[in-house]
1. Rounded to a whole number of µm²/s, how large is the Stokes-Einstein D of region 2-82 at 25 °C and 0.890 mPa s, given Rh as the Kirkwood radius over C-alpha pairs?
2. Determine the percent antiparallel among the DSSP beta bridges restricted to the chain, to the nearest 5.
3. Measuring from label point to label point, each 7 Å out along Cα→Cβ, what is the R12 to L42 span in nm?
4. About its Cα centre, what dipole magnitude does region 2-82 give when the only charges are +1 on Lys and Arg Cβ and -1 on Asp and Glu Cβ, stated in debye to the nearest 20?
5. Between Y32, G10, Q67, whose Cα lies farthest towards the positive end of the dipole of the chain when Lys and Arg beta carbons carry +1 and Asp and Glu beta carbons carry -1, centred on the Cα centre?
6. How long is the gain from S49 to I33 if the chain were fully straight, where each residue apart is worth 0.36 nm and the alpha carbon distance is subtracted?
Amino acid sequence: MVKIRLQRVGARSKPSYRVVVMNSQAPRDGAYIARIGHYDPLTDPETVSIDKDQALKWLQKGAQPSQAVARLLSKLGITAQPQDAGSAQATQA
């Protein structure tokens with residue numbers, strides 16, 4: 001399965017992340033298929049830059065975003081708001 005997830009880069013105690021498309025079996029910092037953006041949580045406000053066309057292309061091909069990437073995509077308006085697992089369980093009860 002192909003996933004869209006974060007790949008950590010940067011120095012110790014100063015993380016920044018690449019938004020990459022990779023095989024779900026690959027390690028976090030392993031080889032990736034495509035780099036579609038970056039995310040820097042240390043800036044105020046946090047910096048998010050994702051290529052909308054590339055993200056939509058990979059989502060249409062069936063790539064599954066991680067929870068963190070789904071949050072970033074929804075923040076940029078690329079996809080709908082991700083459902084929180086905790087709230088979904090609360091509504092079922």
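Bear in mind these aren't lab numbers, they're just calculated from the coordinates by the rules spelled out. Keep in mind that what you see is a predicted model, and the values were worked out from it rather than measured. Every residue, glycine as well, gets a Cβ built from its backbone with ideal geometry; the counts of neighbours run over all protein chains shown.
1. In µm²/s, the coefficient is 193.
2. Details: 19 of 21 bridges.
Counting only bridges with both partners in the chain, antiparallel ones make up about 90 percent.
3. 1.4
4. The dipole magnitude comes to about 220 debye.
5. The Cα lying farthest towards the positive end belongs to Y32.
6. Roughly 4.0 nm would be gained on extension.
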